[in-house]
1. Return the whole-Å distance between the Cα centroid of the stretch 387-419 and the Cα centroid of the stretch 448-510.
2. How far apart, in nanometres, would the label points at Arg239 and Leu288 be if each is projected 7 angstrom from Cα along the Cα-to-Cβ direction?
3. Assuming R0 = 35 Å, can you tell me the calculated FRET efficiency for the pair Glu451 and Asp392, based on Cβ-Cβ distance, to the nearest 0.05?
4. Let me have the relative contact order for the stretch 394-489, percent, based on Cα pairs under 8 Å that are six or more residues apart.
5. So how far apart, in nm, are the two label points at Gln131 and Tyr504 if each is 7 Å from Cα heading toward Cβ?
6. Of Lys160/Lys409; Lys305/Lys455; Lys177/Lys317; Lys98/Lys468; Lys177/Lys409, which sit over 28 Å apart, Cα to Cα?
7. From Cα pairs below 8 angstrom and at least 6 apart in sequence, can you work out the relative contact order of the stretch 382-445, rounded to a whole percent?
8. Considering only protein heavy atoms, what per residue accessible area in square angstrom results for the chain with a 1.4 angstrom probe?
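The values are calculated or read from the model by the stated rules, or taken from the named source; none is laboratory data. On a predicted model such as this, the values are computed, not experimentally measured, just so you know. Cβ atoms come from the backbone with ideal geometry, glycine included; neighbour counts cover every protein chain shown. Protein only, heavy atoms only, side chains kept; ligands, DNA and RNA dropped before computing areas. Shrake-Rupley method; radii C 1.70, N 1.55, O 1.52, S 1.80 Å.
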Amino acid sequence: MFRSNNVAARIFERQIVTPRPGTSVNYVRQFYENLVPNYTVYDVDCPDQSFRKFTDDGQYLISFSRNQQELIVYRPIWFSFSYKEENCDSVDLHQKTKRIDSFFTQLYSIPLASSNEVISKDFFLYVESRQFGIFATSTAQSQEASATEGAIHGVPSIEKITFHLVRLEDGDILDVKVFCNDFINLVHGMGHGIGHGMGVFLYDDLLCIMSLRYQTIHIIQIRDSGNLALVRIIGSFCREDDELYLNSHTHVTERGHFLSGIKQRLLSFIFRKTWNDEVDHILRVHHLKKFYFHFQDYIDLIMWKAQFLDRHHLLIKFGSVDGGVSRSTDHHPSFFAVYNMESTEIIAFYQNSAEELYCLFEHFYDHFHVTSRNSLHLRFISSPCNNIHALDQLLGIRIKACTSAQFVKKMLGTLPYTCQSQSPSPYFDLSLFRYDDKLISSMERHRQSTESPIKFILRRQPNVLKFKIKPGPEAGGSDVRSKRISSFIFHPILPLALSIQQTYMQPTVVNIHFRR
């Protein structure tokens with residue numbers, strides 16, 4: 001169907017055309033083909049801060065002070081100006097556009113970290129239903145952690161990790177949750193190692209926190225009143241009365257002889273699956289021998305990360321201790337288990353090269369990435385199971401891969417998913433626009449900066465260039481040898497984006513891209 005590039009014509013068309021059932025939102029989103037950020041203000045005058053992201057509903061822009069002590073929250077406003085001339089499109093904008101306060105109003109700045117703590121600037125989760133923000137502060141990491149009962153040897157320790165629940169409307173800190181002498185991964189990134197993915201996952205009002213050092217999953221409910229209530233602990237014990245049951249048996253003198261509850265359930269699942277999958281007695285014995293041969297390897301596995309699949313099931317990633325603390329796990333074998341929190345049973349177990357798990361990942365991609373049943377904005381993030389162009393990209397990566405097993409490992413290496421790590425901006429909708437995903441994508445991560453602008457091309461015919469995003473100074477970098485890193489923050493609704501370029505030993509350059 002023909003779609004005009006004229007906004008007025010598109011509005012008129014909307015009045016007389018009824019979209020097919022279930023496609024009304026997609027139909028409205030096509031208006032973004034006309035409403036694009038077509039103007040850039042370079043090198044905006046702004047405080048020396050670390051801009052993090054917009055909340056998924058677009059109400060707030062989250063920022064941290066450069067010393068990582070204070071939380072600074074802005075509200076987006078739309079820059080407005082007036083001129084007496086008839087053709088105002090050709091007139092340069094007022095000098096006021098060079099200031100950050102022309103586009104954002106600072107709501108407040110509150111101290112979040114104590115003197116010996118810093119804000120984890122890569123970590124932020126948004127509870128959209130209540131407009132709560134979850135932030136984390138921590139002390140310095142220590143590699144020489146003292147031996148403690150229950151702690152995994154070889155995992156570093158952080159003296160204090162604090163999670164803060166903040167009401168973003170007024171900056172009131174509603175509750176805190178403190179972990180002492182523990183290790184919880186708060187690094188945000190898209191690599192495959194535990195050092196590149198968060199150990200915290202949010203689903204609706206449930207928060208899953210993985211204690212890597214003590215091999216414990218803490219399930220915390222965020223109450224409407226603003227309280228963080230611990231509802232379940234999974235690790236040494238899986239049921240609430242497991243510890244009471246063991247302690248009530250006086251002949252059990254040392255609990256250290258027992259494996260943890262989650263490890264016992266894992267081993268029993270692997271054994272029962274090995275036993276039940278083979279009807280032939282000889283083959284069953286052969287597979288059981290393999291199980292016993294790798295028995296110690298299974299015992300040595302530790303939990304790396306976990307995520308919710310729904311309110312009752314967790315996807316848990318297991319691997320070696322070395323892989324758990326390294327920055328890359330490409331050479332470390334890993335496994336995935338699906339755990340039912342209600343029955344405390346493991347119901348599925350896969351190796352990281354399992355084709356069966358990859359097929360589930362490809363066809364039910366959104367089920368692995370969902371963080372809420374009610375979020376309207378996150379439903380339209382392009383994925384292989386809801387967008388043919390995203391599926392084509394995935395198939396292209398598979399064709400280029402050396403082997404099918406290598407491709408499967410690479411794709412499954414992104415699991416468990418890093419929570420709220422994709423921008424729901426319509427300009428990343430692959431049904432509307434084409435762009436070079438090596439330079440920019442909906443995934444939130446730093447990228448190598450380029451001198452040439454990043455082009456967004458209309459997906460439909462005539463495939464014209466709609467807008468460009470250029471990070472850094474307008475004239476380009478003076479020293480091409482300097483390594484420049486760029487990040488992009490897109491508003492989830494408005495034609496508004498920030499590009500931030502950082503160069504070693506040079507001031508940060510912030511550009512604002514908006515529709516004039």
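1. 26
2. 2.6
3. The calculated FRET efficiency here is 0.75.
4. Value for the stretch 394-489: 22 percent.
5. Each label point lies 7 Å from its Cα, and together they span 4.3 nm.
6. Violating the 28 Å Cα-Cα cut-off are Lys160/Lys409; Lys305/Lys455; Lys177/Lys409.
7. RCO, the stretch 382-445: 31 percent.
8. Normalised by residue count, the accessible surface of the chain is 50 Å².
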